[in-house]
Amino acid sequence: MTSVERSSAPARDAATDVVVVGARAGQELTHAAAELDHALDGALAAHLKATGFKGNIGDAELIPTGGRLPAAYVLVVGLGPAGALVPANAEAGHDDVRKAAGVAARRTGRFPTIALALANGVSGTAQAAVEGYLLGAYRFDRYKSSAEPRADQRITVLGDATEADIRRGTTTAEATNWARDTINEPAGARPPAEFAELAKERAEAAGLTAEILDETQLAEKGMNGILGVGQGSRNPPRLLILRYEPEGATAHIGAVGKGITFDSGGLSLKPAESMETMKTDCSGAAAVVAALSALPALGAGIKVTAVTPLAENMPGGAAIKPGDVIRHYGGRTSEVLNTDAEGRLVLADALAWMSEQRPEAMIDFATLTGAMVIALGKKVAGFFASSPELAEQVQAAASHTGERVWQMPLFEDMRKQIDSDIADVKNIGTRWGGAIFAALFLKDFVGDVPWIHVDIAGPARSDEAEHYLPKGPTGMGTRLLIDWIERRAAAG
Ligand code: BES
Ligand code: MN
Ligand code: ZN
């Protein structure tokens, strides 16, 4: 087990394999780095100068101390431009520290003991350092025969970190890494029933109540969107319901996550290359389960209900067909013209159910449309909000966690493009603006509950390992959801 603790000892006294310090762009040493440079008679600054160290995010120099310090090595990581660290711009500074810590994690995997001197006195930077390090240390190698196991590490956070900073950092990072593990698991190993069990175990171990509805119970409830999408697969669908009900909490919010454990497109089959990454289509569900499971440890004082529709979208003999009509939970109908627009079909049931629970607000996370990726690229999630206050909250939460989001419009006059000839709505609009049509479809099912939809189709995966993001599933949404829930709790 990797452990994280804190110490107020100065960096020059840290008896550890590696002590990690930062330097800003332009070789400007932070206070801790300057202290080590002094103890090394200027050797650190000289080394950075000789190697042309730029101080950008991603830069890192491992320097042996040659016995002149208790630490065997100093790792200097770039923190980017200096301006980012002043308190007035603290949010940007947090993500710089998080990224630098993630870079440090990649460079220090072989060392058992690490001291992080990256917190800079700005509140929240100790948490960011812990988070970044644990996120950057993430590996998924259980299917590698010759994986070099990453050593269990003892991480000491230097500076003015509090116990709470450390607990928050480890809790949010471990939650995200659980989401990554669950998404990384091959779809064949975690079809809906198994995904639901994995999630239930996680949630119950954390102290939540969890309930799984099977296909019979889904039929009894009229959850025909989830059943319809799942009917082309031999692996039947599930609905997972999680409840976090801390004593004394009165405020109540809801979270929904798209859990397509594999998206082949169904009869509207995807081309082979597009299918390669479609085990990731459960990223919204994984993030929601991960975030909810972190709430007891964080002591969030708000009631949260979460629901994740889980189905495998396959083109089997019983599969739903283009032209079929679904009667969703609550009675609204949709005409399925493209079976690959399945996310909105399962979410329709889940959102209608959640709306009936009467939360004060609800949020959904979904890898919903390729169009969203075309619009904002691979690193930014688009969100749609039914109220400006909610939009502001989610934007604030995202800038705190470093997860990038950008608001998209819910223009009402576009709704007529998803009018169906025979049902209440059809599941595709035109190709152009596809993410908006998906959001407008969902909006029909949320009733009057204030709602935010986050389309994470792009950032749910990263094409390359960089700073605290691994190549592959990122766990996007986990930390954002935790942060948003805590904001709601604080607002009462
Ligand atoms: N899961 C996909 C969306 C997706 C695409 C996520 C690429 C991540 C990367 C979704 O179910 C889908 O297939 N959407 C279709 C909708 C279309 C048929 C209206 C799409 O975006 O092509
Ligand atoms: Mn699809
Ligand atoms: Zn999908």
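Any read-out appearing in this document is the output of simple, stated calculations on the displayed coordinates, not a laboratory observation. Worth saying up front: this structure is predicted, and the values here are computed from it rather than measured. Heads up, the Cβs are rebuilt from the backbone with ideal geometry, glycines too, and the neighbour counts pull from every protein chain shown.
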* To do: Place the peptides 118-124, 225-231, 24-30 in order of packing, highest mean first, counting for every residue the other Cβ atoms within 10 Å and averaging per peptide.
  => 225-231, 118-124, 24-30
* To do: Would you calculate the separation in nanometres between label points at THR162 and GLU245, each defined as 7 Å from the Cα along the Cα-to-beta-carbon direction?
  => 3.1
* To do: Mind ranking 290-302, 40-52, 310-322, 252-264 by how tightly packed they are, going by the mean number of other C-beta atoms within 10 angstrom, highest first?
  => 252-264, 290-302, 310-322, 40-52
* Structure fact -> Expected vector for the range 191-200, Karplus 3J(HN,Hα) from phi with 6.51, -1.76, 1.60 and θ = phi - 60°, integer Hz, x for Gly and Pro, equals x, x, 5, 6, 4, 4, 5, 4, 5, 5
* Asked: When you count, for each residue, the other Cβ atoms within 10 Å and take the mean per peptide, how do 138-147, 212-221 rank with the highest first?
  -> 212-221, 138-147
* Return one number: the angle in degrees, 0 to 90 and rounded to the nearest 10, between the long axis of the Cα atoms of helix 90-107 and the longest principal axis of the Cα atoms of the chain. => 80
* Structure fact -> Here the alpha-carbon Rg of the range 2-159 over 2.2 N^0.38 Å rounds to 0.98
* Rounded to the nearest 500, what is the chain's calculated 222 nm mean residue ellipticity when only DSSP H runs of at least 4 contribute -39500 (n - 2.57) each, over all residues? -> -11000 deg cm²/dmol
* Structure fact -> Cα-only Rg/Rh for the chain with Kirkwood Rh rounds to 1.01
* Bridge type composition, the chain - antiparallel percent by DSSP, nearest 5 -> 40
* Ratio of the Cα radius of gyration of the range 288-412 to 2.2 N^0.38 Å, where N counts its residues -> 1.21
* Over the chain, what is the mean sequence separation of C-alpha contacts under 8 Å (at least six apart), divided by residue count, expressed as relative contact order in percent? -> 15
* Structure fact -> Diffing the range 220-228: the Karplus 3J(HN,Hα) column from phi (6.51, -1.76, 1.60, θ = phi - 60°), in whole Hz with x for Gly and Pro, holds 4, 7, x, 8, 7, x, 5, 5, x
* **Cut-off under 5 Å, modelled amide H: who pairs with ASP324 long-range** => VAL336
* Would you mind checking which residues have amide H under 5 Å from GLY22's amide H? H placed 1.01 Å from N; only 5 or more apart, or other chain. => THR30, ALA33, VAL77
* Structure fact -> Extension length gain for GLU412 and ARG327 (0.36 nm per residue less Cα distance), in nm, is 28.3 nm
* Tilt relative to the chain, helix 478-491 - C-alpha long axis, 0 to 90 degrees, to 10 -> 90
* Three-way shape call for the range 328-375 based on the alpha-carbon gyration tensor, with the a/c threshold at 1.5 -> oblate
